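A.B. asks: Dropping the structure in here first, questions after.
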Amino acid sequence: METALLRMSDVSKSFGATHALSCVSLEARGGEVLALIGENGAGKSTLMKILSGAIAPDSGQMELAGARYAPKGPHDARMAGVAMIYQELNLAPDLSVAENVMLGQELRRFGLVRRSAGHTRVRQALELLGRTDLSLDLPVRQLSVADQQVVEIARALVIEAKLIVFDEPTSSLTQHDVDNLFRVIGKLKASGLAIIYISHFLEEIRRIADRYTVLRDGSVAGSGMLAGASEGDIVALMVGRKVDDLFPSVPHTPGKVVLSLQSLAGRTTPKDVSFELRRGEILGIAGLVGAGRTELLRCVFALDPVRNGTVRVMGITPGGTPRARILAGLGLVSEDRKGEGLAQRESIADNITYSRLAPYSTLGWLNLRQRRAVVGDWMRSLNVKARSVEQNVEQLSGGNQQKVALARVLHQDAEVLLLDEPTRGIDVGTKSEIYRLMAVLAAEGKAIIFVSSYFTELLSVCDRVGVMARGRLREIRPAGAWSSASILTSALGVETST
Amino acid sequence: MTSFDTPAALPLAQRGTQLLRTALGPFVALVLVVGVFAVADNLQEDGGHFATLKNAQNVFVHSATVAVAALGMTMIIISGGIDLSAGTTMALCAIVLAWFLREGYPPSVAVTAGLGTGCLAGFVNGTLISLLRVVPFIVTLGTMTIYLGLGKMISHSTMVRPLPAQIPAWMHELLSPRVQQEWMVFPPGVWLLLALAVTVSAMLRYTVFGRHVFAIGSNESTARLCGIHVPFTRIAVYTIAGFFVGVAGLYQFARLTIGDPTSGTGKELPVIAAVVIGGGSLSGGRGSIVGTLTGALIMQVISSGCTSLKQPNHIQEIIVGVIIVAAVTIDQIRQRRLAP
């Protein structure tokens with residue numbers, strides 16, 4: 001199709017002195033997926049909010065299917081045929097699949113909900129998505145995140161959306177679920193809908209999108225067909241400079257064994273995991289979500305109960321509390337920055353020093369000035385962008401929050417770093433900084449376990465990669481002996497053979 | 001969802017203004033309330049009694065009992081908890097104190113027993129919450145009734161009334177609105193309250209323990225991840241808070257000179273209200289001692305002001321209710337503006 005379904009021309013929006021968007025123009029066409037790419041703070045969120053009617057642009061025009069499109073609010077936008085699928089899903093967990101799909105758009109007669117007519121609509125929508133296997137009466141709470149997303153998409157279909165906007169839909173999905181989602185998006189595309197897909201995972205974008213528009217600092221940095229663009233081109237557009245190497249290499253060589261696990265088993269996962277980790281080594285742990293990777297790290301750190309097996313750090317078996325593990329030289333960066341990793345309402349200084357306040361304490365009283373100075377040094381060395389050490393963590397971007405979480409384990413002087421999805425949900429520039437940091441730390445003699453669902457980064461950063469499936473560590477090989485495909489096969493293989 | 005950065009929009013949030021920022025709202029409210037009542041009182045015919053030193057002394061004396069219990073409640077609420085048993089514990093402590101005096105024990109023993117009862121009650125709360133892993137609201141809802149029952153058991157469901165001669169003079173003067181030495185301005189109980197407030201405030205800000213209390217309230221999972229001993233810290237918080245409830249029991253006894261098992265029922269609510277008006281968040285991680293003291297004063301000023309204006313009790317109750325809702329609403333709006 002040639003004509004644009006959605007056309008934005010010269011849309012601008014300022015907040016005070018900040019130009020969030022300046023003269024942004026883009027087009028989304030029916031039967032096509034447009035990838036909207038940009039680092040955090042590039043203006044993607046503002047653009048989304050304008051599209052969804054949450055805020056109004058200062059200037060510029062929008063057209064939807066040939067008519068002027070100026071939604072007065074989110075409801076207005078939905079009625080016009082623009083549906084948003086957010087990163088965090090907006091479902092009522094205790095209502096059923098069907099009730100959620102029809103929520104706010106129930107078919108009524110004499111004020112009563114026409115349940116069966118509603119069910120027919122829901123069934124049609126699920127059929128289009130190829131998910132007739134979902135039970136309509138199941139409470140949404142019992143569904144996986146991936147299936148909940150399908151419910152959200154079905155909701156968009158029921159309102160007869162013309163344009164569906166996906167905001168980083170894969171950030172909490174496994175590789176397997178991502179594949180299913182892409183199949184669904186393919187079907188939506190084939191039925192003639194226009195799709196805007198927001199993400200900073202370039203790999204995904206290449207798989208799903210036809211065209212791209214890159215935002216940088218509130219303006220369009222470039223757009224075009226994906227078919228002719230290389231990954232390097234797009235990254236260069238995103239960061240505004242040439243990124244020769246997303247994965248900086250710093251040579252490091254493995255030394256003595258610092259961590260050894262002997263048939264470690266948790267309550268349900270992990271099961272019977274044994275390996276040795278050396279100084280100066282980065283060990284990647286790949287696998288699907290639910291394979292027990294997070295639980296493995298948590299058992300090593302004594303956050304989850306250990307049923308069996310031993311953990312030895314530098315030859316000794318530390319006590320069974322996180323405190324003891326920290327003192328033994330372990331440090332954990334949680335996969336869940338909001339829920340666990342950081343106390344969001346507390347300051348950067350507090351968050352960095354919680355695990356080791358002793359250096360600033362005399363009989364329990366803190367020397368805050370000394371602490372401020374040390375924290376300031378850490379922020380500078382990790383390039384954390386913030387106003388001051390007293391700023392609350394919740395006001396920082398995802399990338400800067402992750403640096404604070406990393407600074408904590410470095411500040412506590414951990415010898416073995418357990419990093420659980422440390423690059424999830426952060427921009428490309430910060431990712432690259434974190435890869436470099438990991439390599440530098442390894443060169444300094446630290447040992448790192450790096451859990452990730454993004455196989456490319458594991459293969460590029462790690463010395464060895466192990467694959468977990470169903471709580472077991474399948475095998476560990478040098479990174480060079482793996483490919484993305486062989487990791488996936490290994491991660492899936494166990495599921496079929498057991 | 002990610003959001004745009006607006007660094008230019010936040011010039012206020014400098015480190016030095018942190019304390020001001022958290023306590024400023026309640027303080028402005030206090031000044032406003034005092035101002036409104038002072039003007040209204042001067043306008044009425046036989047007015048002019050509200051904005052006087054004597055009335056100020058009265059306000060401080062009358063708010064001291066709630067305020068001292070609220071010191072502990074502030075710590076509990078910062079740690080993400082709540083203590084509904086504070087009221088009945090206060091009465092229980094007063095009863096124990098009265099009982100020991102009546103039985104002829106020396107005052108030092110009686111006071112120690114009263115304060116000890118508070119600590120023990122708090123320790124039990126903290127231990128139950130930590131060990132049973134039941135939410136503080138439910139645990140203290142239970143112990144609220146248990147402590148009420150214990151009080152009635154000791155007092156045989158009546159009042160414990162020591163002889164006037166058994167009550168030492170200093171206890172009479174502790175919260176007497178008529179100050180013995182004029183240079184003191186306030187009775188000793190108010191000064192003790194202020195000294196305790198300074199101590200707790202400093203402890204929250206400048207000690208490892210204080211930082212841990214904030215960490216637990218802000219995000220318990222983070223606290224565990226950082227190796228903070230969560231159950232120990234929580235039990236300590238409730239025990240210390242129990243001590244302050246014990247002091248509140250002493251204050252109550254000093255004013256009533258009897259131990260009445262039902263005198264504490266419902267008293268936990270003004271205590272919690274003081275913390276909340278002062279900027280404490282029931283979801284934990286936020287609260288300040290300065291704010292809490294201001295909150296306790298605001299409630300007492302309203303009560304005293306309404307008396308000066310000859311307004312009935314129910315008017316003060318309505319005003320206090322409005323203030324609580326308004327305080328929390330304004331605070332949330334401010335928080336939303338500060339968050340990205």
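The values are calculated or read from the model by the stated rules, or taken from the named source; none is laboratory data. Remember, it's a predicted structure, so these values are computed and weren't measured experimentally. Neighbour counts run over all protein chains shown; Cβ positions are idealised from the backbone, glycine included. Calculation scope for accessible area: heavy atoms of the full protein, side chains included, ligands and nucleic acids excluded. Shrake-Rupley method; radii C 1.70, N 1.55, O 1.52, S 1.80 Å.
A.B. asks: What about B:Gly295, is it open to solvent by less than 10 Å² (accessible area, probe 1.4 Å) and part of a loop (DSSP other than H, G, I, E, B)?
C.D. replies: On the way: open to solvent by less than 10 Å² (accessible area, probe 1.4 Å): yes; part of a loop (DSSP other than H, G, I, E, B): no.
So B:Gly295 fails the test.
A.B. asks: Taking into account only those residues within the range B:222-269 that are over 16 Å from B:Gly210 (Cα atoms) and aromatic (Phe, Trp, Tyr), which is nearest to the other protein chains (Cβ to nearest Cβ)?
C.D. replies: Checking each candidate, the answer is B:Phe243.
A.B. asks: Quickly run through the range A:336-366 and pick out the residues that are facing chain B (nearest Cβ under 7 Å), part of a loop (DSSP other than H, G, I, E, B) and either of a type in the set (D, E, K, R) or over 24 Å from A:Arg298 (Cα atoms) (or both).
C.D. replies: A:Arg345, A:Glu346, A:Gly364
A.B. asks: On the given criteria, is A:Ala324 hydrophobic (A, V, I, L, M, F, W, C) and over 23 Å from the mean Cα position of the chain (by Cα)?
C.D. replies: Values: hydrophobic (A, V, I, L, M, F, W, C): yes; over 23 Å from the mean Cα position of the chain (by Cα): yes.
When the stated conditions are applied, A:Ala324 passes them.
A.B. asks: Please verify whether B:Leu101 is surrounded by fewer than 24 Cβ atoms within 10 Å (Cβ to Cβ), over 20 Å from the mean Cα position of the chain (by Cα) and outside any loop (DSSP other than H, G, I, E, B), treating the condition exactly as stated. Lay out the reasoning, then the answer.
C.D. replies: Numbers: surrounded by fewer than 24 Cβ atoms within 10 Å (Cβ to Cβ): no; over 20 Å from the mean Cα position of the chain (by Cα): yes; outside any loop (DSSP other than H, G, I, E, B): yes.
For B:Leu101, the condition - surrounded by fewer than 24 Cβ atoms within 10 Å (Cβ to Cβ), over 20 Å from the mean Cα position of the chain (by Cα) and outside any loop (DSSP other than H, G, I, E, B) - is not met.
A.B. asks: Could you tell me whether any residue of the range B:178-200 is in contact (Cβ under 8 Å) with a residue 60 or more places away in the chain, touching a helix residue (DSSP H, G or I) at 6+ places or on another chain (Cβ under 6 Å) and open to solvent by 40 Å² or more (accessible area, probe 1.4 Å)?
C.D. replies: no
A.B. asks: Does the range B:104-142 hold any residues that are without any contact (Cβ under 8 Å) to a residue 60 or more places away in the chain and crowded, with 24+ Cβ neighbours inside 10 Å, and which are they?
C.D. replies: B:Ala110, B:Val139, B:Thr140
A.B. asks: Quick one: in the range A:369-398, which of the residues that are more than 10 Å from chain B (Cβ to nearest Cβ), in a helix (DSSP H, G or I) and within 26 Å of the chain's Cα centre (by Cα) is surrounded by the fewest Cβ atoms within 10 Å (Cβ to Cβ)?
C.D. replies: Only one residue tops the list, namely A:Arg380.
A.B. asks: Kindly list, by first and then second residue, each pair from a residue in the range A:216-242 that is open to solvent by 50 Å² or more (accessible area, probe 1.4 Å) to a residue that is at pLDDT below 80, limited to pairs with Cβ atoms under 6 Å and residues at least 6 apart or on different chains.
C.D. replies: A:Arg216/A:Ala42; A:Arg216/A:Gly240; A:Glu231/A:Leu202; A:Lys242/A:Ala236
A.B. asks: What are the pairs with Cβ atoms under 8 angstrom where one residue, in the range B:165-176, is of a type in the set (Ser, Thr, Tyr) and the other, located anywhere, is in a helix (DSSP H, G or I) and at pLDDT 90 or above? Sequence gap at least six, or different chains.
C.D. replies: B:Ser176/B:Val61
A.B. asks: Just one of A:Val311, A:Val250, A:Val333 is in contact with a helix residue (DSSP H, G or I) (Cβ under 9 Å, 6 or more places away or on another chain), open to solvent by less than 40 Å² (accessible area, probe 1.4 Å), within 14 Å of chain B (Cβ to nearest Cβ) and not charged (D, E, K, R); which is it? Outline the logic, then answer.
C.D. replies: Numbers: A:Val311 fails: within 14 Å of chain B (Cβ to nearest Cβ); A:Val250 fails: within 14 Å of chain B (Cβ to nearest Cβ).
Unique residue meeting the criteria: A:Val333.
A.B. asks: So which residues in the range B:36-57 are part of a helix (DSSP H, G or I), open to solvent by 30 Å² or more (accessible area, probe 1.4 Å) and more than 23 Å from B:Pro187 (Cβ to Cβ), if there are any at all?
C.D. replies: B:Val36, B:Val39, B:Ala40, B:Asn42, B:Leu43, listed by residue number.
A.B. asks: Another question, then. Against the condition farther than 25 Å from B:Gly285 by Cα and of a type in the set (Val, Ile, Thr), how does B:Val66 come out, does it pass? Reasoning before the result, please.
C.D. replies: On the way: farther than 25 Å from B:Gly285 by Cα: no; of a type in the set (Val, Ile, Thr): yes.
Answer is no for this residue.
A.B. asks: For the subset of the range A:141-194 comprising residues that are part of a loop (DSSP other than H, G, I, E, B) and open to solvent by 40 Å² or more (accessible area, probe 1.4 Å), which member is modelled with the highest pLDDT? Walk me through how you get there before you give the answer.
C.D. replies: Taking the range A:141-194 first, the residues part of a loop (DSSP other than H, G, I, E, B) are A:143-144, A:159-162, A:168-174, A:191-193.
Restricting the remaining residues to those that are open to solvent by 40 Å² or more (accessible area, probe 1.4 Å) gives A:144, A:160, A:162, A:172, A:191.
On the way: A:Ser144: 82, A:Glu160: 84, A:Lys162: 90, A:Ser172: 67, A:Ser191: 87.
The qualifying residue modelled with the highest pLDDT is A:Lys162.
A.B. asks: Determine which member of the set A:Leu417, A:Leu441, A:Leu410, A:Leu437 is buried (at least 17 other Cβ atoms within 10 Å of the Cβ), in contact with a His (Cβ under 9 Å, 6 or more places away or on another chain) and touching a residue at least 12 places away in the same chain (Cβ under 8 Å).
C.D. replies: Values: A:Leu417 fails: in contact with a His (Cβ under 9 Å, 6 or more places away or on another chain); A:Leu410 fails: in contact with a His (Cβ under 9 Å, 6 or more places away or on another chain); A:Leu437 fails: in contact with a His (Cβ under 9 Å, 6 or more places away or on another chain).
Of the residues listed, the single one that is buried (at least 17 other Cβ atoms within 10 Å of the Cβ), in contact with a His (Cβ under 9 Å, 6 or more places away or on another chain) and touching a residue at least 12 places away in the same chain (Cβ under 8 Å) is A:Leu441.
A.B. asks: Of everything in the range A:100-129, what is out of contact with any helix residue (DSSP H, G or I) (no Cβ under 6 Å at 6 or more places or on another chain), more than 15 Å from A:Ile159 (Cβ to Cβ) and either open to solvent by less than 50 Å² (accessible area, probe 1.4 Å) or in a helix (DSSP H, G or I) (or both)? Give them in sequence order.
C.D. replies: A:Arg115, A:Ser116, A:Ala117, A:Thr120, A:Arg123, A:Glu127
A.B. asks: Given the structure, is A:Ile326 among the hydrophobic types (A, V, I, L, M, F, W, C), at the interface with chain B (Cβ under 8 Å from one of its Cβ atoms), touching a residue at least 40 places away in the same chain (Cβ under 8 Å) and crowded, with 17+ Cβ neighbours inside 10 Å? If you could, list the steps in order and put the result at the bottom.
C.D. replies: On the way: among the hydrophobic types (A, V, I, L, M, F, W, C): yes; at the interface with chain B (Cβ under 8 Å from one of its Cβ atoms): yes; touching a residue at least 40 places away in the same chain (Cβ under 8 Å): yes; crowded, with 17+ Cβ neighbours inside 10 Å: yes.
Considered against the rule, which asks whether it is among the hydrophobic types (A, V, I, L, M, F, W, C), at the interface with chain B (Cβ under 8 Å from one of its Cβ atoms), touching a residue at least 40 places away in the same chain (Cβ under 8 Å) and crowded, with 17+ Cβ neighbours inside 10 Å, A:Ile326 comes out as yes.
A.B. asks: For the range A:23-36, indicate whether the set of residues that are within 14 Å of chain B (Cβ to nearest Cβ) and open to solvent by less than 40 Å² (accessible area, probe 1.4 Å) is non-empty. Steps first, please.
C.D. replies: Narrowing the range A:23-36 to residues within 14 Å of chain B (Cβ to nearest Cβ): A:24, A:36.
Checking the rest, the ones that are also open to solvent by less than 40 Å² (accessible area, probe 1.4 Å) come to A:24, A:36.
Within the range A:23-36, one or more residues are within 14 Å of chain B (Cβ to nearest Cβ) and open to solvent by less than 40 Å² (accessible area, probe 1.4 Å).
A.B. asks: Looking at A:Arg267, is it closer than 23 Å to A:Leu417 by Cβ, open to solvent by 20 Å² or more (accessible area, probe 1.4 Å) and of a type in the set (Lys, Arg)? Working first, answer last.
C.D. replies: Values: closer than 23 Å to A:Leu417 by Cβ: no; open to solvent by 20 Å² or more (accessible area, probe 1.4 Å): yes; of a type in the set (Lys, Arg): yes.
In short, no.
A.B. asks: Got a sec? Which of A:Val451, A:Val428, A:Val467 is buried (at least 20 other Cβ atoms within 10 Å of the Cβ), closer than 18 Å to A:Gly399 by Cβ and either modelled with pLDDT of 90 or more or under 21 Å from the mean Cα position of the chain (by Cα) (or both)?
C.D. replies: The conditions single out A:Val428.
A.B. asks: Can you name the condition, by its number, that A:Ala302 falls short on among (1) facing chain B (nearest Cβ under 10 Å); (2) assigned to a loop (DSSP other than H, G, I, E, B); (3) in contact with a strand residue (DSSP E or B) (Cβ under 6 Å, 6 or more places away or on another chain); (4) not aromatic (Phe, Trp, Tyr)?
C.D. replies: Just one mismatch for A:Ala302, condition (3).
A.B. asks: So, one more: Applying the selection to the range B:207-221, what residues are open to solvent by 20 Å² or more (accessible area, probe 1.4 Å), facing chain A (nearest Cβ under 7 Å) and free of Cβ contacts under 8 Å to residues at least 40 places away in the same chain?
C.D. replies: Within the range B:207-221, B:Val208, B:Phe209, B:Arg211, B:Ser221 qualify.
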